[in-house]
Structure formats: C-alpha cells, structure tokens
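These notes are about the structure you will find just below.
Any read-out appearing in this document is the output of simple, stated calculations on the displayed coordinates, not a laboratory observation. Note that this is a predicted model, so its numbers are computed, not measured. Cβ: placed from backbone, ideal geometry, glycine included. Neighbour counts: every protein chain shown.
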Amino acid sequence: MISKRKDSSGFTLIEVLVASFIMMIAVAGFVTLQSKYMRTDLELNLRLIALQLAQEKVDDLKNFEVLEVTAGEVAFNDIDDNTGGSLGAGNVVVNVKSDNSRNYTFSRSWNVTKQYYVDTNADGIPETWVNEGTPSAPSPEPPVADQKLVSVSIAWTDVEGQVKNVSLESIIPPVLASRSFQANNETDNAKVQPKVAYTPGLAPDVISYDLGNGENIETSKPVPDIDNQGENNVVQFETIRFINLPGQTDKLEQEDFLTVNCNCKLGGSGLAKTPSMTVYNGNELVVKPGVEVSKTVGVLDGSQQPDICTACCRDHHDTSKMVNDEQFFRTEGGLPHGHYKRLANGLYSKALSTGDAYEEICRFKRVDGYFQIYPDWQLIDVIEFSDRYLLDSDKLTSYTNYTESKIAAEIRGTSPPDKPSDRDITVAPGGYQLIARGIYLDRMTASHKSALKTMIASGSSDWKAFTPFYDVNLTLLSQWESLDTDIATVTNEDIRTIIDPINDFYGTYSRGRVEALFDGDVNILTKSMAYNASITGTSPVSPAEELGALIDSSLRVTVDSKSAAEKFFAIIGNINCLITINGITEACDTNNDKKATYVDLSDVDISVDPAQFVCPITIPKGKSTPFFSCENVSENWRGDIAFAFTKLGYTATIKIKLPDGSTIESDRITLDTGLDSTSNQEYEVIIELSKP
C-alpha cells in the first residue's frame with residue numbers, strides 16, 4: 001500500500017510520481033517533435049538529390065556527337081532503355097553531409113519512347129506526334145526518330161526504411177543546339193523538323209530586339225544554381241532567335257550558356273583547348289570550334305566542384321599564338337591573361353609555378369550538344385531603373401535605341417550615347433524593386449568587326465543580325481548599394497539557387513529592392529565586374545576584372561511621404577478543359593497525346609480592355625495544369641479580360657469560375673473594383689467542347 005503521508009517538502013509520494021510522469025511525457029514529446037523535423041529536412045534533401053541525379057542523366061543523354069550509331073562516338077540512336085550517354089544505369093552512392101556524412105544509395109534507370117511527327121488526316125501536312133509502335137507511326141521506321149521521350153526514375157530508401165522514388169520526363173530531339181560547322185552537315189532527317197512555336201518574354205525581365213532582318217532576339221532571365229557540393233555558382237540562361245509570322249511566333253535558334261566559378265591550381269604543360277567562338281563567315285554567324293594545343297594547363301584544387309570545372313581549369317589559359325590567331329579567352333594589356341588568388345585583404349597573388357592555387361570563372365556555350373568553353377563575357381554597359389520603367393512602350397523604345405547605339409559605338413570606337421535621363425523615381429516610404437541590365441558584346445575578330453563597321457556606316461538595317469550581343473537581366477547578380485542609408489536601403493542578399501524562376505524570379509533571395517525610409521533624395525548604385533564574374537555574381541578573379549568593373553549610380557530615388565505610389569499586382573488562373581463526344585465527357589488533353597481530344601492552347605485568344613497589360617499562357621512540363629498570367633495589373637485598373645477559342649467540328653463554350661467558387665457561362669473576367677493583392681487561382685477558365 002502506497003502511503004499518502006506528505007514528505008518534508010509538503011508533497012505526497014503520489015504527487016511526486018505523477019509530476020515525474022508528466023515531465024517524462026513532455027520531454028519525450030519534445031524529442032519526438034525535434035526528431036520529426038530533422039527527418040523531414042533530411043527527406044527533402046534526399047528528394048532534391050534524387051531530382052538532381054535525374055536531371056544529370058537527362059543532360060547526359062543530350063550530349064550526343066552524331067545521330068546514327070558510330071564506333072567510338074556517342075550517338076543519338078544510342079539512347080534507349082537504360083542505355084546511352086556516359087552515365088550508366090544502376091546505383092549511385094551519395095555522401096550526405098547534413099546526415100553526418102552518411103552514404104545513401106540511389107538507383108537510376110530510364111525508359112525511352114521514340115516519337116514521330118506525322119500526317120494523320122491525309123492532308124499532306126504533318127500535325128501530330130505519335131509514339132513508336134502505334135498505327136499512325138511510320139512503317140518502316142526512319143533511321144532516326146524525330147524525337148525521343150525520356151523518363152528517368154530515381155529510387156532510394158529513406159531514413160525510415162521506406163522506398164521512395166521520383167521521375168523526370170524530357171524530350172530529346174536529334175537537333176544540335178547551335179549553328180556550327182557540324183550542324184550544317186547533319187542528315188536531312190535531323191534538319192527537317194516541325195516548326196517550334198515560341199512565346200516571347202516580357203519587359204522588364206526579358207527585352208526583345210528587332211535584328212533588322214525580320215528576326216528578333218532576346219535573352220532569358222539568368223538562373224543561378226549554387227552547387228550543393230561547395231560554393232560554386234553555376235549560372236545558366238539562353239538566347240532565343242525567333243520570327244513573328246501571321247498568327248504565330250516561331251523559334252529559329254537557341255543558344256544555351258553556362259558560366260561557373262572554380263578553384264584551380266597550375267598543373268604544368270599539357271594539351272588543352274582554345275575557345276570555340278562566334279565568327280562571321282560573310283553570310284551568317286557560325287561557331288568556330290576550339291582546337292587542342294600544347295600550353296599551360298590547370299587542374300582542380302579540391303574535389304567537391306561541378307564536373308565542368310575540370311574543363312574550366314584545364315583549358316582557360318592563353319598563349320601568344322592564340323592572341324595572334326584571335327582565338328583567345330581574354331588579354332591583359334594585349335598579352336595572355338594571368339591567373340590569381342584573391343587574398344583576404346583584397347589584393348591578388350599571381351599563380352606562377354606548378355601547384356600554385358588560383359580562382360577561375362569560365363563561360364561555356366552548348367555546341368553540337370556539348371558545353372564548349374567560350375571566350376570571356378565582355379560587359380560594355382550596366383544600367384539601372386525601376387521595374388515599372390520599361391512597362392511604358394515609349395520608354396522601352398528609348399531604352400533599346402540607347403543600347404543599340406551603345407553597341408554600335410563600341411564597334412566603331414566612337415563616343416557612347418548618354419543614358420536615358422528619365423529614370424529617376426519619386427516614391428512613398430515602402431519597398432520597390434529596381435532592375436539592373438547588362439549589355440554584352442562578344443570579342444570579335446578584326447575582319448568581323450570591320451564588316452560590321454561597313455554595315456553600320458552604309459546604313460544597313462540588319463547589322464545587328466551579325467553582331468553577337470546580349471542584353472542580360474543582372475538584377476540578382478550585380479552588387480547594390482545605397483549612397484544614403486538614412487533615406488533608403490537596398491537589398492544585396494547572398495546568391496542562392498532560384499526555386500521558381502518563372503513565377504517568382506525575385507522571391508528566393510533579394511537584390512535591388514529599395515526600402516524607402518524617410519523623405520529625401522538618394523542615389524542607388526549597382527556594380528558589375530568586367531568579365532565572367534558579372535554573370536556568376538562572385539568576386540573578380542583578377543585585378544583587371546576588378547578595375548574594369550562598370551558602375552551605374554545615376555538613378556535618383558526621391559522619397560516623399562505625401563506621394564501617391566501606384567501599386568501593381570497579377571491575376572493568375574488555371575485553364576481547364578472538358579470535352580463531350582457522344583454523351584461521354586472527359587478532360588481535354590492539352591499535351592497532344594490524344595489527337596481526338598487535343599486542345600491547342602496557342603489558339604486561345606486573350607484580349608484585355610483597356611489594354612494596359614498582356615496575359616500569356618504557360619503550359620508546364622508533364623501533366624501540370626496550364627495557366628494564364630496577367631502581370632503588372634494596376635490597382636486602379638478596371639475592365640475585362642476576354643477569352644476566345646474555336647475548334648473545327650466542335651461547339652465551344654467558355655465558363656469562368658469566380659473567387660466565391662461559383663461558375664458562370666461567360667467568356668470574360670470583369671473587374672469592377674481594383675486589385676489590392678495578387679489574385680492567384682481565384683479565377684479559373686474552363687473550356688467546354690461538345691460534339692454530337
């Protein structure tokens with residue numbers, strides 16, 4: 001029997017036991033909750049690693065050298081179930097530092113389906129993608145498929161012993177990624193491809209240039225990826241050439257660029273490549289491949305770096321002959337560039353002997369499916385303005401006229417134009433995003449530059465078509481500084497991997513966002529390095545790159561607490577489709593897998609009245625729901641967003657799902673009151689098709 005007598009402290013033994021039991025439950029619960037959170041973080045990390053392994057294999061499969069199977073060459077036709085590329089199927093062991101350097105085994109496999117673009121309605125014009133083995137597939141099959149659908153699967157066992165898996169789908173066409181000497185010698189089957197529709201980007205993030213020959217060019221938003229094995233910034237973006245045709249826009253060419261910073265050390269003499277580079281052949285811009293020469297080479301200084309750093313350290317060295325031959329990376333005072341280690345005090349130590357460490361940044365371009373090392377980026381201008389500045393069509397025209405004049409002056413060696421003078425802004429206290437754009441002009445051979453000078457002097461309208469220039473959004477890569485932090489500050493956060501570059505480009509980390517604090521005037525400074533460091537956003541790798549940095553501090557921000565600052569938001573909504581045939585209703589297929597229920601969303605017309613913004617449609621990869629996105633909608637805007645769609649042989653009805661959950665038969669979204677925040681999936685467009 002337990003005694004109820006109180007102890008000397010005034011508590012019974014039963015009370016002490018109950019209190020101890022409660023404390024044990026609380027501690028156990030805290031430990032369990034803490035362990036749960038730790039497991040969740042680890043599981044997310046393992047999933048991210050799995051996705052990276054899948055993407056790594058997709059990129060590996062794209063790196064083929066020839067189309068048909070050839071001894072000693074990587075071929076497009078080698079791509080098949082669990083074959084093709086240099087990375088084999090099977091287990092991949094990854095050391096996860098966040099889990100006490102524990103090794104995890106991931107199993108990688110992939111399936112491949114050949115696809116063909118064929119004529120299914122006997123009108124003589126191909127219009128449908130079909131899989132191999134289907135009745136509509138060509139028989140016999142051509143020697144090279146029109147494209148291959150690849151699904152890469154990664155499986156692993158999580159911390160609780162459960163098997164997890166992810167998959168990633170990608171389309172791999174037998175099309176080399178850039179114009180080059182090898183691209184001109186592809187088989188006819190590779191060249192005869194269906195036209196690719198293209199949706200141009202929007203200002204201020206993406207700027208389109210008219211090249212004067214009927215074509216346009218624009219550069220996508222650069223997306224940094226911080227390598228999870230170290231501190232390397234890998235920054236990728238692409239430049240698209242396209243042509244506007246009646247009723248559609250067709251992509252003509254895509255240039256893929258990758259820029260990465262690496263840690264290297266001198267490795268003595270050896271064989272290494274000169275840079276591939278863009279040259280003018282009298283008719284078009286083509287790629288002159290790099291060649292292997294004997295010169296100083298570098299090796300990796302540390303193993304936990306991106307694989308492409310091996311080529312960066314090895315190849316990125318110049319010789320006097322390379323400079324004379326005009327096929328070099330960059331020079332210092334007209335001589336081959338040196339290599340340096342940046343010290344803690346900001347000074348540089350030059351690498352002179354084998355084994356000396358140095359820092360390097362390299363630019364790569366995808367050529368014939370592979371990333372080939374390229375001459376360094378050459379920044380000729382950086383300019384800043386409000387993210388609303390280029391939404392004004394007159395200011396957008398003024399800006400592109402300025403940049404084109406800047407490029408022409410750089411080619412001709414004449415005085416540059418003045419920056420647009422109407423970029424100053426007046427704002428109320430609050431937060432405002434600024435934009436920094438960099439203008440790049442590739443180093444050209446003397447004959448190339450001479451030809452361009454002649455074109456410009458003669459008034460030729462298409463000189464830009466033969467000029468390798470790039471207008472890049474550097475907002476999240478350049479350095480920012482407020483010259484009076486009492487009036488306004490500006491963000492300059494560390495670069496991180498951007499999670500959602502399409503819908504939330506400025507959301508992962510912040511640079512260039514002004515926080516207006518008190519009334520007054522302040523100039524905001526943005527700075528970018530002269531060469532490759534301007535793209536990676538990392539420290540310069542040489543004194544010349546630092547001394548050549550470009551600065552724009554001409555933007556004046558006036559903070560006025562009495563000013564009425566207009567706010568802008570977005571309207572984003574899903575697009576769904578239902579189709580009824582012979583009384584049977586099913587979801588429409590917007591990915592062109594089923595001809596009978598295929599809805600081409602490029603045929604959907606979206607008109608805005610009053611027309612103060614546009615609403616492009618995005619079709620995500622895989623089976624994700626398509627959506628429309630109306631950006632830069634003023635809080636004061638009132639009007640209609642109308643949708644129109646027709647399909648031959650069907651009756652089309654458009655319905656709108658409203659924010660209150662009700663659905664009405666209407667072809668438009670009507671805003672009678674202004675927005676006070678972004679409307680994300682509160683509206684939905686439903687296309688209903690019916691056929692007797």
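With charges only on Cβ, +1 for K and R and -1 for D and E, what is the dipole size of segment 568-691 about its Cα centre, in debye, rounded to 20?
500 debye
Towards the positive end of the charge dipole of segment 453-519, with charges on Cβ (+1 Lys, Arg; -1 Asp, Glu), say which of Thr497, Ala465, Trp480 has the farthest Cα.
Ala465
Could you give me the radius of gyration and the Dmax of segment 232-369, taking only the C-alpha atoms into account and expressing both in angstrom?
Considering segment 232-369 through its Cα atoms, Rg and Dmax are 17.7, 61 Å.
Measure off 7 Å from each Cα along the Cα-to-Cβ vector at Ala644 and Ala357, then give the distance between these two points in nanometres to one decimal.
Between Ala644 and Ala357, the label points sit 6.5 nm apart.
Name the helices (complete DSSP H segments) of the chain with a Cα length along the long axis of 15 Å or more and a Kyte-Doolittle mean of at least -0.5, or state none.
Sorted by number, the helices that extend far enough and score high enough are 13-62, 446-457.
Kirkwood hydrodynamic radius, computed over distinct alpha-carbon pairs, for segment 568-691: how many Å, to one decimal?
After inverting the mean inverse Cα-Cα distance, the result is 15.1 Å.
In whole angstrom, how far apart do the alpha carbon centroids of segment 114-140 and segment 427-472 sit?
43 Å
Place the peptides 531-537, 544-550 in order of packing, highest mean first, counting for every residue the other Cβ atoms within 10 Å and averaging per peptide.
Put in order of decreasing packing, that is 531-537, 544-550.
Nearest 20 debye, what's the magnitude of the dipole of the chain about its Cα centre given +1 on Lys and Arg Cβ and -1 on Asp and Glu Cβ? Let's see the in-between values first.
Numbers: 61 positive and 97 negative charges, 297 e Å.
Rounded to the nearest 20 debye, it is 1420 debye.
So, counting K/R as plus one and D/E as minus one, what does the shell of residues with Cβ under 9 Å around Lys567 add up to?
Result for the neighbourhood of Lys567: -3.
Using r as the Cβ-Cβ distance of Asn636 and Ser447, and R0 as 45 Å, what FRET efficiency do you calculate, to the nearest 0.05?
0.25
What percent of all Cα-Cα pairs in the chain falls in each 20 Å bin, counting up from 0?
14, 44, 33, 7, 2, 0
With the crude spin-label approximation of a point 7 Å out along Cα→Cβ, what separation in nm comes out for Ser393 versus Val291?
The answer from the label model is 5.2 nm.
Cα-Cα over 32 Å: which of Lys365/Lys464; Lys365/Lys449; Lys148/Lys295; Lys114/Lys647; Lys265/Lys288?
As for pairs spanning more than 32 Å Cα to Cα, those are Lys148/Lys295.
When 1/r is averaged over all different Cα pairs and the result inverted, which Kirkwood radius in Å belongs to segment 454-511?
15.0 Å
Using a 10 Å cut-off on Cβ atoms, rank the peptides 366-376, 429-439 from the highest mean neighbour count down. Don't skip to the end; give the middle numbers.
Numbers: 366-376: 22.1, 429-439: 20.0.
Ranked by mean Cβ neighbours within 10 Å, highest first: 366-376, 429-439.
Going toward the positive end of the dipole of segment 568-691, with +1 on Lys and Arg Cβ and -1 on Asp and Glu Cβ, which of Pro610, Asn574, Thr625 do you reach last?
Thr625
Over all distinct alpha-carbon pairs, what is the Kirkwood Rh of segment 349-413 in angstrom?
Hydrodynamic radius (Kirkwood, Cα pairs) of segment 349-413 is 16.2 Å.
Could you sort the peptides 204-211, 154-161 by per-residue average Cβ neighbour count (10 Å cutoff), highest mean leading?
So the order, starting with the most tightly packed, is 204-211, 154-161.
So, in nm, how far is label Tyr509 from label Glu493 when the simple model puts each one 7 Å beyond its Cα toward the Cβ?
If labels sit at Tyr509 and Glu493, their model points lie 0.9 nm apart.
Would you mind classifying segment 237-286 by shape? Square roots of the alpha carbon gyration tensor eigenvalues, ordered a ≥ b ≥ c; an a/c under 1.5 is rounded, otherwise it is prolate if a/b is larger than b/c and oblate if not.
Oblate shape, in that a/c is at least 1.5 and b/c is the bigger or equal ratio.
Pull out the extension gain between Glu73 and Val299, defined as 0.36 nm times the separation in residues minus the alpha carbon to alpha carbon distance; nm, one decimal.
So the chain would gain 78.8 nm between Glu73 and Val299.
Work out the FRET efficiency for Asn95 and Ala457 from their Cβ-Cβ distance, taking R0 = 60 Å, and round it to the nearest 0.05.
Using R0 = 60 Å, I get an efficiency of 0.50.
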